[in-house]
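J.: Quick one: the structure is below, questions incoming.
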Amino acid sequence: MTRTVYLNGEYLPETEAKVSIFDRGFLMADGVYEVTSVLNGKLVDFDGHAVRLNRSLSELGMNNPISKEDLLEVHRELVRVNDVNEGGVYLQITRGAPADRDFAFPDPDETPCTVVLFTQSKPGVTDNAASQNGIRVISIEDLRWGRRDIKTVQLLYPSMGKMMAKAAGCDDAWLVEDGFVTEGTSNNAYIVKDGKIITRGLSNDILHGITRAAVLRFANEAQMKVEERNFTIEEAQNADEAFITSATMFVNAVVEIDGAQIGDGKPGSIAKRMREIYLEESLKVAI
Ligand code: PMP
């Protein structure tokens, strides 16, 4: 089926949506993005993604070209026309397409941002092999730039990380800097020891995950112990459980790190409980 996508104010068949070769997203990775999950045809934590989008744009000195209300309307319309029940909406805003390639930012009054949204249908996303069995990860050096809190479209190194994981027969990679895990290639990383959930604190070193914020809030509400601090791969390998969070995978257990089995090699009880709580609570407030 040909999807309907959104480009700069228009709904178009995906084959007809075209962006200039001078677009700074294409030439410079000068753009930001968000992925909002869709469950039961509804948007999960739309507000959180809209707030983070604004922050990413303002950190890069870009004006937000679309109001939150209009953005919600576009998300909903795309979900409706493309009949998405489970999956997500991808949103990208770039600094637009000036007349020529130049390192200097164009004048925003002359060069409007490029706004693109499209849906991705992923039936079965709440119950699949990864969620049932957990995933296996390798560790690799974190070679990304120093502003990982801004959700930019510079995803080459995370893509390379996923390919390195695949080449090693694994599902994903955890990134390590100065001996400590920062996060996964496209998710936040956690370990569990003696009932306590441990995850790196927020800084410019990691993306401030929308799922992370929700999961830590639910964990606190459920009176579970949470510690925000750095941890090493060795500590993770000796933990009782490990898991990741992201808008597309929710909460997913990690059962192996660099060949070392975590716990009994099956998704742990806290990871499973957090996944259940997350899905249940998110669905209640999805819009
Ligand atoms: N870290 C990185 C590097 C990511 O790319 C993502 C997913 N976009 C996350 C963490 C998780 O963030 P969220 O829960 O908002 O999807």
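J.: Based on what the data block shows, is ALA271 assigned by TED's automatic domain parsing to the domain that holds ALA214, more than 14 Å from the ligand (Cβ to nearest atom), of a type in the set (A, V, I, L, M, F, W, C) and out of contact with any Asp or Glu (no Cβ under 8 Å at 6 or more places or on another chain)?
T.: So ALA271 fails the test.
J.: Another question, if that's okay. Take residues that are among the β-branched types (Val, Ile, Thr) and tell me which of the helices (runs of 4 or more DSSP H) falling wholly in the range 1-108 contain 1 or more.
T.: Helices (runs of 4 or more DSSP H) meeting the threshold: 46-59, 68-81.
J.: Let me ask another. Is it true that THR182 is within 11 Å of the ligand (Cβ to nearest atom) and in a helix (DSSP H, G or I)?
T.: Criteria not met by THR182.
J.: What's the total number of residues in the range 144-179 that are within 13 Å of the ligand (Cβ to nearest atom) and part of a loop (DSSP other than H, G, I, E, B)?
T.: So the answer is 10.
J.: Let me ask another. Taking the range 219-254 only, how many residues are away from the ligand (no atom under 13 Å from the Cβ) and surrounded by fewer than 23 Cβ atoms within 10 Å (Cβ to Cβ)?
T.: Qualifying residue count for the region: 21.
J.: Taking the range 220-258 as the region of interest, how many residues are closer than 26 Å to LEU283 by Cβ, touching a residue at least 40 places away in the same chain (Cβ under 8 Å) and among the acidic types (Asp, Glu)?
T.: 1
J.: Here's another thing I want to ask about it. For the structure I just gave you, tell me whether ILE140 is β-branched (Val, Ile, Thr), away from the ligand (no atom under 15 Å from the Cβ), buried (at least 17 other Cβ atoms within 10 Å of the Cβ) and assigned to a strand (DSSP E or B).
T.: Here the answer is no, as ILE140 does not meet what is asked.
J.: May I ask you to list pairs of residues, at least six apart or on different chains, whose Cβ atoms are under 6 Å apart, with the first in the range 3-21 being more than 23 Å from SER67 (Cα to Cα) and the second being open to solvent by 40 Å² or more (accessible area, probe 1.4 Å) and among the acidic types (Asp, Glu)?
T.: Close Cβ pairs satisfying both conditions: ARG3/GLU14.
The values are calculated or read from the model by the stated rules, or taken from the named source; none is laboratory data. Just so we're clear, the structure is a prediction, and the values are computed from it rather than from any experiment. Neighbour counts run over all protein chains shown; Cβ positions are idealised from the backbone, glycine included. Surface accessibility is based on the protein's heavy atoms, side chains included, excluding ligands, DNA and RNA. Shrake-Rupley method; radii C 1.70, N 1.55, O 1.52, S 1.80 Å.
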